[in-house]
Amino acid sequence: MAVPFPPARHLRTALFVRHLRTVPTADLLIGLAVIALGTLEAFTVAVEYGATETPELWWIGQALVTGVLIWFRRGAPVAVFILMILAQYLWHRQGYEHCQTWQLASLLIVFHTVGAELTVRRSLAWALTGVLVFDSGAVDHRWLPFEEVIFLTVVFGAAYLTGLAVHAYATRARHLADHAARLERDRERQAAEAVAQERIRIARELHDVVAHSVSMMVMQAGVLRRTGHGNDEMLLGIERMGREAVDELRVMLGALRMPLDEAIPQPGLDLLPGTVSTLVSSGLRITLAVGGEPVRLAPGLDLSAYRIAQEALTNAVKHASDSEIQIIVSYRGNSVELEILDGGGGAPSELSTGNGLVGMRERAALFGGTFEAGPRPEGGFRVRASLPISHQEVLADERIS
């Protein structure tokens, strides 16, 4: 069954009511004030303006139309501006010499609206046009005295300038809001990037800690299995490696719960001799040599240097078979160089894309250093990293042996 359309007058009424709901409360109140003032003047002072009698009822209709125009002036400022000037023209054509108070107030409001709602260039053109129309006497049908021209210019110009000030303020507020929105988006993006970087750092730390300690434990357990009997030194090494792994993991997990500005103790190159001695006690052939004048490294640089040496040593132990492993730490004034050599079969090719070499390369790049890894011509594998030292202190009492 077809649904009949509502009558046209009902549709127009519904659209008017819907549009009226979107009118700002301030505009609605101003329009109602204009209607009320026009109605009051129609019933009180009509004769003083040149009417034949009081009340002059048709003034109420004119005030009602003007109030409606005031309601919708923001949506169509130019159209309302033109209609208000035409309405004033028709008012004077009826023989009235002076405009009413509510008419003058309405004209000031639309001049203000032109300045507030249009761009500066358009609003200035329309405001000048309106002032010239009134000053020329085109609306009043008479030549205006000089003092009246000055009065109209000042009051209409002031109304326009207040609108222009509102427009400038609104434009600045929009720019500030857009800037704040951009800053918020940048902040969220930077926070997301920081979280991603922190996840990568944690993954790298976990890989270095777990891979090294667990690899040593597996290697020592394999030796016990092959020999067929327990060895106190090897069992002690496995226990020590396990404790070290648990302790480092506990420190890292505790750091995640600490405020960002609180420092936590980080391992450094001073732990390298202990790591080497633990592996040597397990039967591995590992030598550590230190060249140059040892210096105190910045905490982050010290940690990265130690992790690079630790990871390279872990790879060497896994792939060097029974060959000798050499660790060389060289302090060269503006840099510290790490070199790990083994004489075994070398690291397999898949290491070049694994977490181990990638993590070492990232650590070196983080401090502007260089990293190289690859097979040696005489056999075996070589890892070399050079890390710039920006801030250092000569160690007077501490030496890496």
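Remarks
- Whether region 48-143 is rounded, prolate or oblate, judged on the alpha carbon gyration tensor where a/c under 1.5 counts as rounded: oblate
- Extension gain from Gln94 to Val295, taking 0.36 nm per residue of separation minus the Cα-Cα distance: 62.4 nm
- Protein-only accessible surface order, largest first, of Phe151, Phe111 at 1.4 Å: Phe151, Phe111
- The solvent-accessible area of Asp302, taken with every protein chain present and a 1.4 Å probe, is close to 40 Å².
- Only Lys, Arg, Asp and Glu carry charge here, each on its Cβ (+1 for the first two, -1 for the last two); on that basis region 75-155 has a dipole of about 280 debye about its Cα centre.
- With all protein chains in place and ligands, DNA and RNA left out, the 1.4 Å accessible area ranks Ile389, Ile328 as Ile328, Ile389, largest first.
- Full extension of the segment from Glu148 to Thr370, taken as 0.36 nm per residue of separation minus the current Cα-Cα distance, would add 71.5 nm.
- Sum of side-chain charges, Ile60 neighbourhood, beta-carbon under 15 Å (Lys, Arg +1; Asp, Glu -1): -3
- Heavy atoms of Val280 accessible to a 1.4 Å probe, total area in Å² rounded to 10: 60 Å²
- Taken along the Cα-to-beta-carbon direction at a fixed 7 Å, the label points for Glu324 and Thr119 span 8.2 nm.
- Charge sum, other residues only, whose C-beta stays under 14 Å from Asp186's C-beta, Lys/Arg counted +1 and Asp/Glu -1: 0
- In a fully extended conformation the segment linking Ala36 and Val155 would gain 40.6 nm over its present Cα-Cα distance, using 0.36 nm per residue.
- Here the calculated FRET efficiency for Thr171 and Phe43, from their Cβ-Cβ distance with R0 = 30 Å, stands at 0.10, rounded to the nearest 0.05.
- Dividing the Cα radius of gyration of region 52-210 by its Kirkwood radius returns 1.42 for Rg/Rh.
- Mean projected area of the convex hull spanned by the Cα atoms of region 18-98, taken over all viewing directions: 5.5 nm².
- Modelled this way, with points 7 Å down the Cα-to-C-beta line, the labels at Asp270 and Leu57 are 10.3 nm from one another.
- With all protein chains in place and ligands, DNA and RNA left out, the 1.4 Å accessible area ranks Glu48, Glu372 as Glu48, Glu372, largest first.
- Tensor-based shape of region 91-183 (alpha-carbon gyration tensor, a/c under 1.5 rounded, otherwise prolate or oblate): prolate
- Solvent accessible area, Å² - His179, 1.4 Å probe, full protein context: 90 Å²
The values are calculated or read from the model by the stated rules, or taken from the named source; none is laboratory data. Computed from a predicted model, the values in this text were never measured in an experiment. Neighbour counts are summed over all protein chains in view; Cβ atoms, including those assigned to glycine, are modelled from backbone coordinates with ideal geometry. Remember, those area values only see protein heavy atoms, side chains included, never the ligands or the DNA or RNA. Shrake-Rupley method; radii C 1.70, N 1.55, O 1.52, S 1.80 Å.
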